[in-house]
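J.: My structure is below; once you've seen it, I'll send some questions.
The values are calculated or read from the model by the stated rules, or taken from the named source; none is laboratory data. Remember, it's a predicted structure, so these values are computed and weren't measured experimentally. As a convention, Cβ positions derive from the backbone with ideal geometry for all residues, glycine included, and neighbour counts pool all protein chains shown.
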Amino acid sequence: MTIVTDTAVKELLTTVSTTQVRPRYEGSNICTWIGFKHVNYLVEEAVLDHFRQAGLPARALYEEYGLGLDLVTIDTRILHAFHMDDVAEAEVVPWTKDEDGTIGFKVTIRFERNGEVHKAVTSKVRVSLRIDTYLEAAGDVPEQLARFAVAKLGDDLERQDPAAAPAEEGILAALTEGRNAYAWKWNIPYPYCHFTERIQMSGYLRLMEEGKDRFVADRGISIKTLLDDRKWIPVVPRSDIRILDEALMEEDLYIVYSVEDVFKDFTYTSRMDFYVLRDGALVKTATGSIVHGYAVIENRRDWSLVNFDQRVVDAINGEVRES
């Protein structure tokens, strides 16, 4: 049995760890470049390994103490593109300086290319230890971890009263009214969940990627359309997501992708908000943002950033021009 000791918790909260990470083959969708979702998976793996190295692996925390390790915040900047088969070193620095009930980390991922070491990714992550209530109680939470244990994700935040919802068939229209936005309703399947009942961070990252895909397709500039027309691919220099509440397996999730601003025809920032309908009210379960640009494929190894043309700007802004 894993024993939670003062030494293990001190190491978790004060010791810097390093681990080797490699992107998964699945994340290479266009040529050999790795998308933002899988870059965030590398960040997640580094944090999980930090817990392992401290002697507090996620499996033992759950099986022995009924504590589910949940990433509740991930805020990532991508400074250099990852490629298939890249091997990188991830450094995890504890960052728990306040008493907000979460465990914080700063993650930096570096790789070597052509004899030069590049800082490829920086990320800020926060973790909650969620007390399992699906199965019988596991006993008292170890004293050393009690300040990070929550009965429900989002308990470290000041909750706002949920907004009264319109009739169910009018929810999507209400969420997008007067906004440059696209929304859809989606039933949460079990592959997006963990600890038996709730959607996990990687599930939200997958939905953020899907939101981009759905939005541009709705605006007539789908991923494949711009690939075929001009060999343009979307790139993401930054993304962030924060879990505010819990969304449960087989609940309907209402997802809103809205454009907030376009910066110098070079990048645009979109917000994503996630809601569930409970007791006649819309409860926001997560919120985040994603910055997008475009790059042109130059060859099988290289790409370069491009400015938006008028067609893309109009599509992003939801404007239709007469030909």
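J.: Can you pull out the residues in segment 182-212 that are under 16 Å from Arg271 (Cα atoms) and under 13 Å from the mean Cα position of the chain (by Cα)?
T.: Matches in segment 182-212: Tyr204, Leu205, Arg206, Leu207, Met208, Glu209, Glu210, Gly211.
J.: Please pick out the residue among Asp240, Asp228, Asp261, Asp279 that is of a type outside the set (A, V, I, L, M), at pLDDT 95 or above and over 22 Å from Asn40 (Cα atoms).
T.: So the residue among Asp240, Asp228, Asp261, Asp279 that is of a type outside the set (A, V, I, L, M), at pLDDT 95 or above and over 22 Å from Asn40 (Cα atoms) is Asp228.
J.: Would you please name the residue that is surrounded by the most Cβ atoms within 10 Å (Cβ to Cβ), looking only at residues in segment 296-323 that are modelled with pLDDT of 95 or more, assigned to a loop (DSSP other than H, G, I, E, B) and of a type in the set (S, T, N, Q)?
T.: So the residue we want is Asn307.
J.: Separate question: Looking at Ser258, Ser270, Ser239, which is the one that is assigned by TED's automatic domain parsing to the domain that holds Leu207 and farther than 18 Å from Asn180 by Cβ?
T.: Ser239
J.: If I go through segment 54-66 residue by residue, how many of them are assigned to a helix (DSSP H, G or I), touching a residue at least 12 places away in the same chain (Cβ under 8 Å) and either touching a strand residue (DSSP E or B) at 6+ places or on another chain (Cβ under 8 Å) or not acidic (Asp, Glu) (or both)?
T.: Counting residues in segment 54-66 that are assigned to a helix (DSSP H, G or I), touching a residue at least 12 places away in the same chain (Cβ under 8 Å) and either touching a strand residue (DSSP E or B) at 6+ places or on another chain (Cβ under 8 Å) or not acidic (Asp, Glu) (or both) gives 4.
J.: Where in segment 67-181 are there strands (runs of 3 or more DSSP E), lying wholly inside it, with at least 1 residues that are over 20 Å from the mean Cα position of the chain (by Cα) and aromatic (Phe, Trp, Tyr)?
T.: Once the strands (runs of 3 or more DSSP E) in segment 67-181 are filtered for at least 1 residues that are over 20 Å from the mean Cα position of the chain (by Cα) and aromatic (Phe, Trp, Tyr), what remains is 103-113.
J.: Then there is this: Just to check your reading of the model, which residue among Glu169, Glu143, Glu197 is exposed (fewer than 11 other Cβ atoms within 10 Å of the Cβ), in the same structural domain as Tyr294 (by TED's automatic domain parsing) and over 30 Å from Ala81 (Cβ atoms)?
T.: Among Glu169, Glu143, Glu197, only Glu169 is exposed (fewer than 11 other Cβ atoms within 10 Å of the Cβ), in the same structural domain as Tyr294 (by TED's automatic domain parsing) and over 30 Å from Ala81 (Cβ atoms).
J.: Let me ask something additional. At least 3 residues that are free of Cβ contacts under 8 Å to residues at least 40 places away in the same chain in each: list the strands (runs of 3 or more DSSP E) lying fully within segment 203-295 that qualify.
T.: Fully inside segment 203-295 and qualifying: 252-263, 267-278.
J.: Restricting the first residue to segment 310-323 and requiring it to be under 16 Å from Tyr182 (Cα atoms), which pairs with a second residue that is exposed (fewer than 13 other Cβ atoms within 10 Å of the Cβ) and modelled with pLDDT under 95 meet a Cβ separation below 6 Å and a spacing of at least six or different chains?
T.: Cβ pairs passing all conditions: Asp314/Arg321.
J.: Take the residues in segment 177-194 that are over 30 Å from Gly66 (Cβ atoms) and not charged (D, E, K, R); name whichever of them is surrounded by the fewest Cβ atoms within 10 Å (Cβ to Cβ).
T.: For segment 177-194, the residue satisfying everything is Gly178.
J.: Is there a residue in segment 265-274 that is at pLDDT below 95 and surrounded by fewer than 18 Cβ atoms within 10 Å (Cβ to Cβ)?
T.: Yes: one or more hits.
J.: Going by what's in this entry, would Leu42 be described as under 16 Å from Ser202 (Cβ atoms), in the same structural domain as Thr122 (by TED's automatic domain parsing), touching a residue at least 60 places away in the same chain (Cβ under 8 Å) and not in a helix (DSSP H, G or I)?
T.: no
J.: Residue by residue through segment 92-111, note down the ones that are of a type outside the set (Lys, Arg), at pLDDT 95 or above and surrounded by fewer than 17 Cβ atoms within 10 Å (Cβ to Cβ).
T.: Of everything in segment 92-111, just one residue is of a type outside the set (Lys, Arg), at pLDDT 95 or above and surrounded by fewer than 17 Cβ atoms within 10 Å (Cβ to Cβ), namely Val93.
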